[in-house]
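Below: the structure, in structure tokens.
The values are calculated or read from the model by the stated rules, or taken from the named source; none is laboratory data. Because the structure is predicted, anything quoted here is derived from the model rather than measured. Heads up, the Cβs are rebuilt from the backbone with ideal geometry, glycines too, and the neighbour counts pull from every protein chain shown.
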């Protein structure tokens, strides 16, 4: 079982490009449909917890499902399985691919990629705003957070803590 | 250095709620602005590579940054660091307070945290756009990339590949 957990999550880690939400359908098909380790309702609950804990979504789910099935050892092996493929591929790229970064053609490709990455991140701001269903007044917190890191140069950790307190003080029950 | 990387990425792992790009503001402050370990441009290249390799972006960029700064051990400790806080938290939730997350207080805190994350990432988006979008060609690629994501709902990986090809042709 412990090895099974490692294997299934290594497969999930190896075949999902784009990270995060791209991995959810694959985890569901492996863990709920094929292996039947987890019931569908429970999967939804695990997803909700994984979304509201810090860190990468897929890894959080791996830890949770691993723990459910086989305790701490299960959690460790599922988590390591999930990380290993990307760890190895990044290591490979960092060790060998970086040598090609000086080639003219790679330089030119990255000249094109850089503004695209900026577009990706700019777009992710819209996407996150949409998926977290923020009510209009609460966008004041967004503006405040932007100003706090942008102009006051506050530590983002501090900004997160302040905004958590803001939520606790100003949010209404069941909002 | 290896220990410093571990602590730094554990901090990032503990506070980047919302996954992926939520770690940007922390990397920007600690790695780029405070310690000057790399430039914004270098980090944005790492992001592009992380987006195109399998696995979560946060973990991929931790591995890459770790390797760049302190070799194999750097990559191992940065990766473990970024994973550890959420791992511990998940274990705690799974074993003790499975229901804590339903509690009113936590829900209220997230009412504040979610919009703050949007603001934080918006600031990073602003910084990366300022470094990477510098002339007519890059502005055109930016607009093309943004609209294909926004209107066409194109997969980010294709956006990167197409922009790379455009880069090879126009530069």
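Could we say that residue B:78 is surrounded by fewer than 24 Cβ atoms within 10 Å (Cβ to Cβ) and either over 13 Å from the mean Cα position of the chain (by Cα) or farther than 24 Å from residue A:154 by Cα (or both) here? So residue B:78 fails the test. What residue, among those in region B:79-93 that are free of Cβ contacts under 8 Å to residues at least 12 places away in the same chain and in contact with a helix residue (DSSP H, G or I) (Cβ under 7 Å, 6 or more places away or on another chain), is nearest to residue B:10 (Cα to Cα)? Of everything passing the filter in region B:79-93, B:87 is nearest to residue B:10 (Cα to Cα). Can you name the residue in region A:145-164 that is surrounded by fewer than 21 Cβ atoms within 10 Å (Cβ to Cβ) and more than 7 Å from chain B (Cβ to nearest Cβ) and, of all such residues, is farthest from residue B:27 (Cα to Cα)? Restricting to residues being surrounded by fewer than 21 Cβ atoms within 10 Å (Cβ to Cβ) and more than 7 Å from chain B (Cβ to nearest Cβ), the top hit is A:162. Checked across region A:31-46, the condition of being over 15 Å from the mean Cα position of the chain (by Cα), crowded, with 22+ Cβ neighbours inside 10 Å and either more than 7 Å from every other protein chain (Cβ to nearest Cβ) or modelled with pLDDT under 85 (or both) holds for at least one residue. Kindly check whether there is at least one residue in region A:90-103 that is under 16 Å from the mean Cα position of the chain (by Cα), over 30 Å from residue B:143 (Cα atoms) and within 7 Å of chain B (Cβ to nearest Cβ). Looking through region A:90-103, none of the residues is under 16 Å from the mean Cα position of the chain (by Cα), over 30 Å from residue B:143 (Cα atoms) and within 7 Å of chain B (Cβ to nearest Cβ).
Would you point out which residue out of B:150, B:64 is outside the structural domain of residue B:36 (by TED's automatic domain parsing) and either modelled with pLDDT of 90 or more or surrounded by 15 or more Cβ atoms within 10 Å (Cβ to Cβ) (or both)?
Result of the check over B:150, B:64: B:150.
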